[in-house]
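Heads up: the structure comes next, in structure tokens.
Derivation of every value follows stated rules applied to the coordinates shown; laboratory data play no part. This structure is a prediction, so every number in the text was calculated from the model and none was measured. Cβ coordinates were reconstructed from backbone atoms using ideal geometry, including for glycine residues, and neighbour counts include every protein chain displayed.
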Amino acid sequence: MTEITVRASSWAGLFDCAMKWEGVHLLGMKNTIGLRAALGTAIHAGTAVFDQARISGDSLTIDDAAGVLVDKLRDPENEYDPARDDLSVKDAERIGISLLSKYCAEVAPNYDYVSVEMETKPLVIDCGSDIHVRLTGTLDRARVHKHKDGAIGITDLKSGSNAVQKKAAVTKGHGAQIGTYELLFEHSTGTEISAPGEIIGLKTKGTPEIGYGEINNAKRVMVGTEDQPGLIEFAADMFRTGRFYPNPKSLLCSEKYCARYKSCPFKEE
């Protein structure tokens, strides 16, 4: 039997461009990130420590969370290529602290989070032909949200230049991630997800902005129905056959975002 361990947080990328995903997660290909990507990581580090402190009842200020953001952004191990973005570290700090402060003061108090970036139990998917995929890791950048009516849902933070459009969070392309997290939460806790998934978008380009968007039926998209296979079944086909399909129409199909771009025969030039 062959067992392939996959981080749950990467799973959604498999359904954007499977060939790119294979290059990174199975073949070990690396791609240098830009400063905006590093900014996103720093924002999530700051918001996560703030939300966890609220859950734990610890005393932690917005300034404390901003310090975590700055430390993460300036971490020597946080490698990025400054030439990839029209952004300075000083501007990145300004944008990040502005979004973090807005989130902590105006957004977080409206949520009753049960956990932040919860660690999950491994979920094994039988792909056939003695090949198994083992999903592991945490609900990266996501929160488990308890609604006023007691329903449980997944709230995922997404940052980026286009994370908010027309005052709403961009939800397109995030359904597979939400669905995967819902399955892992239920598998780990035995508690049913009964509320829609939610994206909180944090726009990092132009005027800092935060927006919201719902994702419905994400879990059903993953597992399918009696009449329609879900994304997990399509993924199982890829792992069983070893055929990871390209997507030259992907918004991330460029040298900037894909480590496999230079050698990819399917890219459109």
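Assorted remarks:
- Each listed q (0.14 Å⁻¹) maps to a log10 I(q)/I(0) for the chain from the Debye sum over equal C-alpha point scatterers, namely -1.07.
- Tail beyond 17 Å, pair distance distribution of the stretch 32-110 (Cα, percent): 42 percent
- Overall form of the stretch 191-269 per C-alpha gyration tensor (a/c, 1.5; a/b vs b/c): oblate
- Beta bridges per DSSP, both residues in the stretch 133-269: antiparallel share near 70 percent.
- When both bridge partners sit in the chain, DSSP labels roughly 65% of those beta bridges antiparallel.
- A helix-only calculation puts the chain at -10500 deg cm²/dmol for mean residue ellipticity at 222 nm, using -39500 (n - 2.57) for each DSSP H run of at least four residues, averaged over all residues.
- With the largest listed first and rounded to whole Å, the semi-axes of the equivalent ellipsoid of the stretch 123-243 from the Cα gyration tensor are 28, 18, 13.
- Charge context of Leu87, other residues only, Cβ under 15 angstrom, K/R +1, D/E -1: +3
- Neighbourhood charge, 10 Å Cβ-Cβ cut-off, centred on Ala163 and excluding it, Lys, Arg +1 and Asp, Glu -1: +2
- Amide H to amide H distances under 5 Å link Thr5 with Arg134, where only residues 5 or more positions off or on other chains count and H is placed in the peptide plane.
- From the alpha carbon centroid of the stretch 171-196 to that of the stretch 27-71 is 22 Å.
- Entry note, the stretch 32-110: relative contact order of 47 percent, from Cα contacts under 8 Å with a spacing of 6+ residues.
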